[in-house]
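A.B. asks: Would you mind keeping the following structure in view while I ask a few things?
Throughout, read-outs are computed from the coordinates displayed, never taken from laboratory work. Since we're looking at a predicted model, the values are computed, not measured. Glycine also receives a Cβ, built like all others from the backbone with ideal geometry; neighbour counts cover every protein chain displayed.
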Amino acid sequence: MSTDNLGKLENRVQLKLLSVPENIGLCRVVVASVAARKDLTLNELEEIKVAVSEAVSNAIIHGYDNNPDGIIFLEVKRFEKGLEILVEDKGKGIEDVEKAIEPAYSSNPERIGLGFVFMKSFMDRVEVDSRVGEGTRVRLVKKWPANGEEG
């Protein structure tokens, strides 16, 4: 996973959650609380929340096949120049990451396959590291707008 020059760490929160749908909302609230800044618009904050929802949903649905006993790790770091979110599971992993991030691709025929599309459109960087049988780690980065610049 690459590094971004996001500056000094201002806050960090780590959570260990069961892979149940109720925890998607909890992750949204935690990320919004850590990300909240006076210069972020409500729309920008909502986009960050959607991106984290998609990453956590993917862990539940695809990583653990909706098994509520799986564990999801969430880490949110706020830096002076941006936000980094890590969502990690120890589920089944992704066989072909490049194919998985293509629009409209889903390993589940009942899904429409737009999770990574939303993540990529709302965040400045999306990185996926996955190993079959070991799990998946998604890194999301959002850089703050420069002073006086619209986001």
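A.B. asks: Consider all pairwise Cα distances in the stretch 9-143 and report the whole-number % of them above 26 Å.
C.D. replies: Working: 1507 of 9045 pairs.
Roughly 17 percent, once rounded to a whole number.
A.B. asks: Straight-line reach from LYS8: which lysines have a Cα under 25 Å away, not including same-chain ones fewer than 8 places off?
C.D. replies: Straight-distance partners of LYS8: LYS16, LYS38, LYS49, LYS77, LYS81, LYS120, LYS142, LYS143.
A.B. asks: Order of PHE79, PHE118 from fewest to most other C-beta atoms within 10 Å? Walk me through the numbers on the way to the answer.
C.D. replies: Working: PHE79 19, PHE118 16.
Going from sparsest to densest Cβ surroundings: PHE118, PHE79.
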